[in-house]
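Peer 1: Before anything else, here's the structure in question.
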Amino acid sequence: MSATFVEASRQSGSDPIDSDWLGWLKRELAPTSARKIRTAIIVAGAVLCVIISMALQVPELATSAYMVFFASKENKQLTTATGVGGVIALTIGIGATLLLYKFTYGHPELRIPGMAIALFLGMWLSRVLVLGPLGFLFGFVVAVSQSVGEAIPSPELLVRGLLWLWVALAYAIALTVVLNLLFLPDPPKAAEHPPKPKGLFVPDAFTNPAHVHFALKVTFAAMFCYIVYEAIDWSGIHTALITCTFIALESTEATLYKGTLRIVGCVIGGALALFSIVFLMPHMESIASLIVLVACASAIAGWVATGSQRISYAGLQLAFAFFYSVFQGYAPDTDLDNVRNRVVGILFGLLVIAFVFNYIWPEWSERGERHVR
């Protein structure tokens, strides 16, 4: 993925795109039959998640809706593998964080180091495992779950919240896999199949110091953001921690390009949420009108997310910003502070990760000035 983002970054800075960026954007957003089908599946999944979560009072509605975008891939096989692996990693992560809380709940002097260790382990595994995203998901779930520990008034509520989080994520992933299996066409058979990787780890997993450096950099950036927003008592900008972990890629060049896509997506998603909260939601009287709003926003985000790697991540972030700004419970939120907090947190996280990746063990692509490997 890092190589793809590097190539996208180079092309986005080349003369043809600079001189005709509108033409480039039109080509990136051009309709195809596969794109229409994938977008329709994403819209259906997001709408069903909103209906199910509101009808059954499942917490974390925004997270469920966003997981439809996260789990949807370009073909059935990849979506199924992502879904199954994601649920397994999620289950292990929730179990690990419950076990960790047995020792850290009420003890921030233990919880914060435990959170940092989990985050380091997850980011290191994301580099050394053949199925890197599963290692990342494990570390991310444990670290983020630990980060909210002090806000929960009792262990019982904490356990209940974590188990409901598993339900909210697992059912959304399962729904996405089913929709893709039912409605996504089978791709044409390729003439040649790429060789399957052998073993669990990449060849240089235990010999390349860049893997450890990468994990240390991301952990430092994320924990710095966490300590800052906790110190100033502004937990609403917790998206800073999420930003540091989600945009981190192998090279500095790829990370900064991905960060740019995150800014663009979040600004557009935040603007859509702001417009909806101010002008549309005061006039909504039924779930039907809410479903229309969710479908429209999901269609915009889904269309971008089903594009090439040059723009697809912006679609995911558009959906992230919209859902997390609009939904803070079982009903649409009308508090504009949430929109502000999410955007501020994202921008803060981007500044921190950009500084860290530029000045601490920077990794550059082969065409860059410096490189580690």
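The values are calculated or read from the model by the stated rules, or taken from the named source; none is laboratory data. Small disclaimer: the values here were computed from a predicted structure and weren't measured. Neighbour counts run over all protein chains shown; Cβ positions are idealised from the backbone, glycine included. Each accessible area value is taken on the protein alone, full model and side chains, heavy atoms only, with ligands, DNA and RNA left out. Shrake-Rupley method; radii C 1.70, N 1.55, O 1.52, S 1.80 Å.
Peer 1: Rolling a 1.4 Å sphere over the protein heavy atoms, what is the accessible area per residue of the chain, to the nearest Å²?
Peer 2: Working: 18110 Å² over 373 residues.
Averaged over the residues of the chain, the accessible area is 49 Å².
Peer 1: Keeping every protein chain in place, order Cys296, Cys266 by accessible area at 1.4 Å, biggest value first, i.e. largest first. If you can, show how the numbers build up before the last one.
Peer 2: Details: Cys296 75, Cys266 5 Å².
Largest accessible area first, the residues go Cys296, Cys266.
Peer 1: Compare the peptides 42-54, 26-38 by average per-residue count of other Cβ atoms within 10 angstrom and give them in order, highest first. Provide the component values of the computation, followed by the final result.
Peer 2: On the way: 42-54: 21.6, 26-38: 12.9.
The packing order, highest mean first, is 42-54, 26-38.
Peer 1: Measure off, as a whole percent, the carbon and sulfur share of the 1.4 Å-probe accessible area of the stretch 25-176, all protein chains present.
Peer 2: Details: 5050 of 6690 Å².
Solvent-exposed carbon and sulfur of the stretch 25-176 make up 75 percent of the total.
Peer 1: Turning to a different aspect of this structure: If each of Ser235 and Leu216 carries a label point 7 Å out from its Cα toward its Cβ, how far apart are those two points in nm?
Peer 2: 3.2
Peer 1: Tell me, what HN-Hα J-couplings in whole Hz come from the Karplus equation 6.51 cos²θ - 1.76 cosθ + 1.60 at θ = phi - 60° for each residue of the stretch 181-188, using x for Gly and Pro?
Peer 2: Using θ = phi - 60°, the values come out as 5, 7, 10, 7, x, 6, x, x Hz.
Peer 1: Regarding the chain, what's the average projected area of the Cα-atom convex hull, expressed in nm²?
Peer 2: The orientation-averaged projected area of the Cα hull of the chain comes to 19.5 nm².
Peer 1: How large are Rg and Dmax for the stretch 27-126 when only the alpha carbon atoms are used, in Å?
Peer 2: Taking only Cα atoms of the stretch 27-126, I get Rg and Dmax of 18.1, 54 Å.
Peer 1: Below 8 Å, C-alpha to C-alpha, sequence gap of six or more: please give me the relative contact order for the stretch 118-259 in percent.
Peer 2: Numbers: 95 pairs, mean separation 42.5, N = 142.
Result for the stretch 118-259 is 30 percent.
Peer 1: I've got another one for you. Using a 1.4 Å probe on the protein heavy atoms, what percent of the accessible area of the stretch 222-301 belongs to carbon and sulfur? Provide the component values of the computation, followed by the final result.
Peer 2: On the way: 2420 of 3280 Å².
Ligands and nucleic acids excluded, carbon and sulfur give 74 percent.
Peer 1: For the chain, give the magnitude of the charge dipole about the Cα centre (Cβ charges: +1 Lys/Arg, -1 Asp/Glu; no others), in debye to the nearest 20.
Peer 2: Values: 24 positive and 24 negative charges, 167 e Å.
So the dipole magnitude of the chain works out to roughly 800 debye.
Peer 1: Normalise the Debye intensity by I(0) for the stretch 171-276, one equal point scatterer per Cα, no solvent, then take log10 at q = 0.11, 0.19 Å⁻¹ and round to two decimals.
Peer 2: -0.67, -1.14
Peer 1: Same structure again: In nm, give the distance between the simple-model label positions of Leu351 and Ile51, each being 7 Å from the Cα along the Cα-to-Cβ direction.
Peer 2: 4.4
Peer 1: Considering Cα pairs under 8 angstrom that are at least six residues apart, work out the relative contact order of the chain and quote it in whole percent.
Peer 2: On the way: 506 pairs, mean separation 95.2, N = 373.
Across the chain, relative contact order equals 26 percent.
Peer 1: Oh, and also: Leaving ligands, DNA and RNA out of it, rank Asp337, Asp186, Asp233, Asp204 by accessible area with a 1.4 Å probe, largest first. Spell out each step's value before the answer.
Peer 2: Details: Asp337 70, Asp186 110, Asp233 135, Asp204 45 Å².
Putting Asp337, Asp186, Asp233, Asp204 in descending order of accessible area: Asp233, Asp186, Asp337, Asp204.
Peer 1: What figure in square angstrom, to the nearest 10, would you give for the accessible area of Phe69 with a 1.4 Å probe?
Peer 2: 10
Peer 1: Under the √(5λ) rule applied to the eigenvalues of the Cα gyration tensor, what semi-axes describe the equivalent ellipsoid of the stretch 109-160? Give them in Å, descending. Working shown, then result.
Peer 2: Numbers: eigenvalues 123, 28, 6 Å².
For the stretch 109-160, the ellipsoid semi-axes come out as 25, 12, 6 Å.
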